[in-house]
Amino acid sequence: MSKKSKKQKWSFWRKVRKNIKYSLKNPFTYIFILIVLLLVAATIVVGNTEPYHPDGEVTNWKDAIWHSIVAVVAAYYDYYMKTVPGRLASLVLLLVGMAFWTIVLGKITSGIMAVQSKNNKGLKKYRRMKGHFLLCGWRPGFEKILDAVMVQNPDISPDMIVLVNNAPSEQMGILRSDSRFQEVKYISGDFSDEDVLKRAFIHTAQRALVIADYSAGSDISDMEVDSRTVLSVLTMKNLNKDVYISAELLNEKFENQLRMANVDELILTQDYEHSLLATASSGLGYSNVIKALISDNADSGIIIEDIPKNYIEKTYGELAVYYDSDENDGDVLIGLLLNTGKFRQGKNSEEEDKLKANEPLLTPSDDFVVPKYAKAVVIRTNTEGTDE
């Protein structure tokens, strides 16, 4: 016998001894042994007494065994016992059957509850996913953010959305009890940690949204929140350079760090808030217009869409004519979104430093050449119900 075979044999017997020791420490092992002994004893009593009664219905050992099986499994007497020992044995069989099924159902219920508890606590292990969406971070009102994400991404089914955060388990339990979010997957942990991201299958994720995280409490500073955001983006891009990441920053101090991490889309929350307040102060209704343009309706407002291939490297004027045609009724071209997708492929580092991902260019001149990796920015109206 080779050393490898001896080692495998030793490992096998070591596992056997380990399982035996564990079983001997488990109280259910002794309960199960007691139940088996009672069943055997009751069957022996029935088999040794009932066949000798002149009016006995149990005439042989096969009947006695069948009587025990029915009494335990169905809590029913297939034969009526005539002798006192037989009746006492049948009563024992009935009680043992009740105890057995109580234990079995208890174990099943406990297993289901354990699985549900793991699911609510974000500890469940999921099967490998591909092309899914990660939503990282948590803060009060998170359910509104999740609902808006689902509305704006109708192409992603709820079971392809993975939440990654360290939110209080009771909060996530309430969230997942909502029928809208029951199919959404949840992983508990620090979304800047590599192991946690691997549990979320970051290697095969398509998109990720990192929001300002307040799962540690509302007293955490903006700098700590933004630091975690930057670290998480760096980790994600290191694990999957092709994943499209949108990240929220509270302070512009970390903007350069996120740009260096090749974040695809950056949301400066405070800047947006200040700009919205400033435009509202003019009294011209800017805020209402902005609200309509970025409404929850994914089919209207500002739409970013692919440009037909035959218009790439043609002029913006030609593209505008295409959008003015009858086949695009209701769409108004207002500009381009440059450097989308994998625009960095094939470029040298000097060129990369000059380009910004997803850079908007509104109403360029008609002779502007539409570059590769550009998308169209259009305003689409919801014409449903407006036809005469």
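The values are calculated or read from the model by the stated rules, or taken from the named source; none is laboratory data. Bear in mind that the values here come from a model prediction, so they are computed numbers and not experimental data. Reconstructed Cβ throughout: ideal geometry from the backbone, glycine too, with neighbour counts over all protein chains shown. Only protein heavy atoms, including side chains, enter the accessible area calculation; ligands, DNA and RNA are left aside. Shrake-Rupley method; radii C 1.70, N 1.55, O 1.52, S 1.80 Å.
Calculated accessible area for the chain comes out at 63 Å² per residue, all protein chains present (probe 1.4 Å; ligands, DNA, RNA ignored). Close amide-amide hydrogen proximity is noted between Leu268 and Leu249, each under 5 Å apart and 5 or more residues distant or on a separate chain (H modeled in the peptide plane; Pro and chain starts excluded). Structure remark: mean-square fluctuation, Gaussian network model of the chain, C-alpha springs under 10 Å; the largest value among Ala261, Ala41, Ala216 belongs to Ala41. Heavy-atom accessible area for Trp13, with the other protein chains in place and a 1.4 Å probe, reaches approximately 120 Å².
About its Cα centre, the dipole of the chain is roughly 4340 debye, where the only charges are +1 on Lys and Arg Cβ and -1 on Asp and Glu Cβ. In the chain, the alpha-carbon atoms span a convex hull of 316 Å³ per residue.
Diffusion coefficient of region 180-335 by Stokes-Einstein, Kirkwood radius over Cα pairs, 37 °C, 0.692 mPa s: 174 µm²/s. Counting only protein heavy atoms and using a 1.4 Å probe, the accessible area of Thr229 comes to about 0 Å².
Accessible-area rank, largest first, for Phe368, Phe32: Phe32, Phe368, with all protein chains present and a 1.4 angstrom probe. With semi-axes defined as the square roots of five times the eigenvalues of the C-alpha gyration tensor, the equivalent ellipsoid of region 151-246 measures 21, 19, 12 Å, largest first. Rolling a 1.4 Å probe over the protein heavy atoms of the chain, with every protein chain left in place, gives an accessible area that is 57 percent carbon and sulfur. In terms of Cα atoms, the Rg and Dmax of region 1-113 work out to 20.3, 68 Å.
The candidates Lys124, Lys144, Lys372, arranged from most to least accessible area with a 1.4 Å probe in the full protein assembly, appear as Lys144, Lys372, Lys124.
Could I get the Rg over Rh figure for region 197-248? Both from C-alpha atoms, Rh via Kirkwood, rounded to two places.
Details: Rg = 11.7 Å, Rh = 11.6 Å.
Result: Rg/Rh = 1.01.
Across all Cα pairs in region 49-194, the calculated P(r) in 10 Å bins from zero up to the longest distance comes to 10, 27, 15, 9, 11, 14, 10, 3, 0 percent per bin.
Remark: C-alpha extents of region 36-75 on the principal axes read 29, 19, 14 Å, sorted largest to smallest.
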